[in-house]
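Okay, structure first, notes after.
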2 protein chains.
Amino acid sequence: MKQSSETLTSMSSVKEAFIQPFPNSHKIYVEGSRADIQVPMREITLTETIGDLAEKNDPIHVYDTSGVYTDPNVAIDLRKGLSNIRDQWIDERQDTQTLEGMSSTFSNERLDDAELDALRFEFLKTPRRAKDGKNVTQMYYARQGIITPEMEYIAIRENCKWQDYKDQIGQQKGESFGADIPEIITAEFVRSEVARGRAVIPANINHPETEPMIIGRNFMVKINGNIGNSALGSSIEEEVDKMVWGIRWGADTIMDLSTGKNIHETREWIIRNSPVPIGTVPIYQALEKVNGVAEDLTWEVFRDTLIEQAEQGVDYFTIHAGVRLQHVPLTIDRITGIVSRGGSIMAKWCLAHHTESFIYTHFEDICKIMKQYDITFSLGDGLRPGCIADANDAAQFGELETLGELTKIAWKHDVQTFIEGPGHVPMQMIKENMDKQLEECGEAPFYTLGPLTTDIAPGYDHITSAIGAAQIGWYGCAMLCYVTPKEHLGLPNQDDVKEGIIAYKIAAHAADLAKGHPGAQIRDNALSKARFEFRWEDQFNLGLDPDTARKYHDETMPKQAAKTSHFCSMCGPKFCSMKITQEIKTMDAAEIAKINAIQVEMDQKSVEFLANDSEIYMKEES
Amino acid sequence: MKQSSETLTSMSSVKEAFIQPFPNSHKIYVEGSRADIQVPMREITLTETIGDLAEKNDPIHVYDTSGVYTDPNVAIDLRKGLSNIRDQWIDERQDTQTLEGMSSTFSNERLDDAELDALRFEFLKTPRRAKDGKNVTQMYYARQGIITPEMEYIAIRENCKWQDYKDQIGQQKGESFGADIPEIITAEFVRSEVARGRAVIPANINHPETEPMIIGRNFMVKINGNIGNSALGSSIEEEVDKMVWGIRWGADTIMDLSTGKNIHETREWIIRNSPVPIGTVPIYQALEKVNGVAEDLTWEVFRDTLIEQAEQGVDYFTIHAGVRLQHVPLTIDRITGIVSRGGSIMAKWCLAHHTESFIYTHFEDICKIMKQYDITFSLGDGLRPGCIADANDAAQFGELETLGELTKIAWKHDVQTFIEGPGHVPMQMIKENMDKQLEECGEAPFYTLGPLTTDIAPGYDHITSAIGAAQIGWYGCAMLCYVTPKEHLGLPNQDDVKEGIIAYKIAAHAADLAKGHPGAQIRDNALSKARFEFRWEDQFNLGLDPDTARKYHDETMPKQAAKTSHFCSMCGPKFCSMKITQEIKTMDAAEIAKINAIQVEMDQKSVEFLANDSEIYMKEES
């Protein structure tokens, strides 16, 4: 399964399509209180409105997950990785030590294996770890009252220059189900939310390349994209490509779910080149180490895997600590039993050994590792329902209650924690999930896969699940794990990754609007104004996917001239409702006054008529 | 713009892909109380479960909109049209007359134009109309206590043989927001809902080819697919193709929104070949007749258009009678003004003439036409919001109130009526739309376009709107008008039509599940069981789109053998969560008893521990 070195040499460059700036867009950096806080945003430049309603249109700023890949001023070299924007901040805190080498046995074995040289990321870093007795989590700092540069960065990022559009802030009243989003996000607000456990900043000290981001229900809803090879396919290069492609379209975090060969090396390449937090499910790799035999898993193997990945820089770990022996029989009558990979591994282990899960019994040991690197818990929902019929059952909610207990233990260690959720849930049962999660888990952020609202559309599960994702995002879910059209059917390719990301950007944004997130509607308004004014290019460029919008438009009206035409192919040149409305809108004040006068006159007549009418009526009665 | 006769000759046949039965499916007909009530359903045959859990799996029956196109026993000839399954029923009622010719001036002009011969549908029917003084609407019959064959047909169709799966009826508790769906739909229930105005059966007496269907919130949620050429493109043949293609994937009704040349002839071809109700927006054609100049529209031109289309067999008319002069100035401050084509035409007309809309003032005259043919009102929402910012405003709700008044007038004439709704609405404002519609319009069925829950994704509006459609369907919306990926950008092609239909089948089904529609979950359960048991073929075949599911699967695992393998490419052969769960499920009773015993023991220990612990605690205290 070894890849040729030739393949990896070609990795220095990225496909042109992956690093093109978006049309009429350029990256700006907003500086914070210190020069090394440079928060990226995408500025979309708009054309002028022409004709009777002529005016300039201010540029729009959008949250930008794409990293320096869309900055033409930065030379991309995948072999070298990204620059370490957080190194200085970590250093200044003086609570970490640089180790002499990797602490994991497995990492060292891989390093010593010359056969892997060709695959290996060349510029390996020496790992950092907390100094003895130190806690280096953002939650720890937050609880000490410290505002870190990461927190300030996030505050600027979440505000997204919305104050430039003051008249549009909070335009539509939302229904936020208890979330409480301020009009301006301050660094202090970020700190307080992290301290409270209501938000997390996944930021391993060994992943200084991350552009800090936050997950919590009082911030914009985030989305995760999964990548990862399996025994059946996909090379390191493809996975790095998928990561770059995924963040281009808006993935806020990436989970590397690899289960095949060379997991360790693949992960290194991904992390070194990722400006977004990377999550993993360490049990997958631990299982590989025991040749796929779940019963053979041990705490020692698992622990070494956690340290291996911690020192590579993984930002959050999915840990299925809530799958306890007592929950397993609760799944017997399900239609689809246990569908989570991690959940089924642990269920099998518990049954084979007839004892409590070693992840559950070692949970505090895991906390101690997490806080040495600032890795965030993503407490896995190993018993999530795999179909509509299994939603919200005793197994699922039993595990959720356990996750609630574990959250409190993690918080005792100041370890940042969020909670994974379902899965497959019909619409009427979604809110119960959200409410129960908030209650059981002390408002720790919820992170759900979909949920899929029906099982009958394999090939379209990005849609079945975007429906559920939008709803649960509205109800308070902080991050939505994308589902691609290939869910249940196979491994997503590049197109599927994009389809999944766009569907989830839609769900997340629809949720932000519904919650009344203060500035969320600015982009909708700008796009709709462009649409109304037939500024076709602006309409494309303000959309989530300018390429597809332009392509679709050009299929029926390919000529460049059409882009400034006052019609689209839906209606044709003579017949366009927006054109007619534009005419109405440009009527002068005198004309409008006249209409209102007519209306008053008509209403008056109506009143008179009714008066006469009732008079007649009364006469007849008498 | 004339099409060659050659083109239309080729229309006798339908593309092979359009008439292939679905894999492992065949059409069955369930007979009613008389031999000519033959209700079509699709029966999906399933394979046996193999291995430890071996068993046979009963076939599943699904609602089938595809007409005889998927019945290999019926020869399709588009030039001849479909057979007239309702002729006998209409005759028996003895309340209609066969006219000597078309009553519309325009129809006769077209008929007399020899240049159109090549385009014309060959086997034109002589139109029917109610005998003088008769009312031929299904609502009239219903209110007389008459159960028509159409009503009995619908009852059988809606039950979908669900009684074969009694143990799964009403499995998940839904939240139906006041809808009241019985476990078995009887013909009497259909009658009572139609009499009450809570459901409609669009069934023009001049469209005897229709397979009766019902739209109402106590029935399955329906979807509409739009087709229609414009001045810029698309031939008659393409539009008929789109109709056949649309119903194949599940369109319950088709709206022909043509605005280009040969609208009359195109419509004839579509109706004669459509087994589903056809809706139109007559004002589009009326506008063509006055050369696109809205001000030149008159009641006479409009009336002639209504009669022209009535006698062709259009089943429902979108009538924008709610756009009144007084509403127009309410749209001035909108971002996107009036986006409905019909709405903007009428607004322009009102302004030009400074008077009330002629459609509004002639509403009772229109009712008199409708009841002579049994055409259903689709009261158009001419002032629907065109963007998030304009949702639920005074213009929209002002029109809705007018539609409520008009509904009561239509019902006075026993004319079946449903109400069109938005548009673009953020999630938190959707329920208000549904609630207000039910209240204002006396629970007449609601029929919405989407709504789109965000404006920022041109190219993906099938998804932005499926999110809103699923929600409003759950809240009580009876029919969802599909949106294709090309919405706002251009005319949908065949692929777009399919994408739109599938997205809306998902939304409608998710809504049926959420409402707790008694048998909706049977298909989800069957598919999930197939998925759990690795019956790949059954999983594909039970899905909304077996072709795409199979194609996606085969992209990563093309070999036929893989379809019976116990893994998919997501996990690979050694590592599959479903496989592990299957092992758990097949444990014998003794093993499960053992686990439970262990759990009891552990719980006991825990109790003892706590007891000891508190003892210690108390000792220390003392």
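The values are calculated or read from the model by the stated rules, or taken from the named source; none is laboratory data. Just so we're clear, the structure is a prediction, and the values are computed from it rather than from any experiment. Cβ atoms come from the backbone with ideal geometry, glycine included; neighbour counts cover every protein chain shown. Keep in mind that these areas ignore ligands, DNA and RNA; they rest on the heavy atoms of the full protein, side chains included. Shrake-Rupley method; radii C 1.70, N 1.55, O 1.52, S 1.80 Å.
Observations, loosely collected:
- Our note on the geometry: Cα centres of segment B:308-346 and segment A:279-351, 59 Å apart.
- Buried on complex formation within segment A:441-462 (loss of at least 30 square angstrom of accessible surface versus the isolated chain, 1.4 Å probe, ligands and nucleic acids ignored): A:Thr454, A:Asp455, A:Ile456, A:Pro458, A:Tyr460.
- Its Cα centre serving as origin, chain B has a Cβ charge dipole (Lys and Arg +1, Asp and Glu -1) of approximately 480 debye.
- Of A:Lys261/A:Lys371; A:Lys368/A:Lys498; A:Lys408/B:Lys431; B:Lys412/B:Lys436, pairs whose Cα-Cα distance is over 26 Å: A:Lys261/A:Lys371; A:Lys368/A:Lys498; A:Lys408/B:Lys431
- Inter-copy separations for A:Thr186, label at 7 Å along Cα-Cβ, nm, ascending: 6.7
- Only the Cβ atoms of Lys and Arg (+1) and of Asp and Glu (-1) were treated as charged; on that basis the dipole of segment A:510-550 about its Cα centre amounts to roughly 140 debye.
- When +1 charges are put on Lys and Arg Cβ atoms and -1 charges on Asp and Glu Cβ atoms, the dipole computed for the protein assembly as shown relative to its Cα centre reaches about 620 debye.
- Heavy-atom accessible surface that A and B bury in contact, both chains counted, 1.4 Å, Å² to 100: 10600 Å²
- Ranked by how many other beta carbons lie within 10 Å on average, peptides A:222-228, B:377-383, B:327-333 from highest: B:377-383, A:222-228, B:327-333
- Placing pseudo-labels 7 Å out from each Cα toward the beta carbon at B:Gln163 and B:Asp77 gives an inter-label distance of 3.9 nm.
- In summary, the aspartates and glutamates within cross-link reach of A:Lys27, defined as a Cα separation below 13 angstrom excluding same-chain residues under 8 places away, comprise A:Glu43, A:Asp64, A:Asp71.
- The apolar share of the surface of chain A, taken as the fraction of accessible area on carbon and sulfur atoms (1.4 Å probe, ligands and nucleic acids excluded), comes to 49 percent.
- Counting, for every residue in A:350-356, the Cβ atoms of other protein chains within 10 Å of its Cβ and taking the mean gives 3.
- Area accessible to solvent at A:Phe18, 1.4 Å probe radius, in Å²: 0 Å²
- Each DSSP beta bridge with both residues in chain B is either parallel or antiparallel, and the antiparallel ones are about 40%.
- FRET efficiency, A:Glu188 to A:Ala597 (Cβ-Cβ, R0 60 Å, nearest 0.05): 0.65
- Comparing each chain alone with all protein chains together (probe 1.4 Å, DNA, RNA and ligands left out), the residues of segment A:389-432 losing at least 20 Å² of accessible area are A:Ala389, A:Met427, A:Gln428, A:Met429.
- Residues of segment B:524-545 whose accessible area (probe 1.4 Å, heavy atoms of protein chains only) drops by at least 50 Å² once all protein chains are present, relative to their chain alone: B:Asp524, B:Ser528, B:Arg531.
- With protein chains left intact and a 1.4 Å probe, residues in the protein assembly as shown average 34 Å² of accessible area per residue.
- Exam field: B:Lys15 pseudo-label spacings to other copies (7 Å along Cα-Cβ), nanometres: 2.7
- Other protein chain C-beta atoms within 10 Å of residue C-beta, averaged over B:325-336: 5.
- Projecting the Cα positions of A:His354, B:Ile254, B:Ile335 onto the charge dipole of the protein assembly as shown (unit charges on Cβ atoms of Lys, Arg, Asp and Glu, taken about the Cα centre) puts B:Ile254 furthest along the positive direction.
- Between B:Ile146 and B:Arg93, residue separation times 0.36 nm minus the direct Cα-Cα distance comes to 18.0 nm.
- Projected label distance in nm at B:Lys134 and B:Leu53, using a 7 Å step from Cα toward the beta-carbon: 5.8 nm
- Calculated label separations, B:Glu175, copies of the chain, 7 Å along the beta-carbon direction, nm: 0.9
- With a threshold of 23 Å on the Cα-Cα distance, the over-threshold entries among A:Lys56/A:Lys173; B:Lys242/B:Lys348; B:Lys161/B:Lys505; A:Lys134/A:Lys222 are A:Lys56/A:Lys173; B:Lys242/B:Lys348; A:Lys134/A:Lys222.
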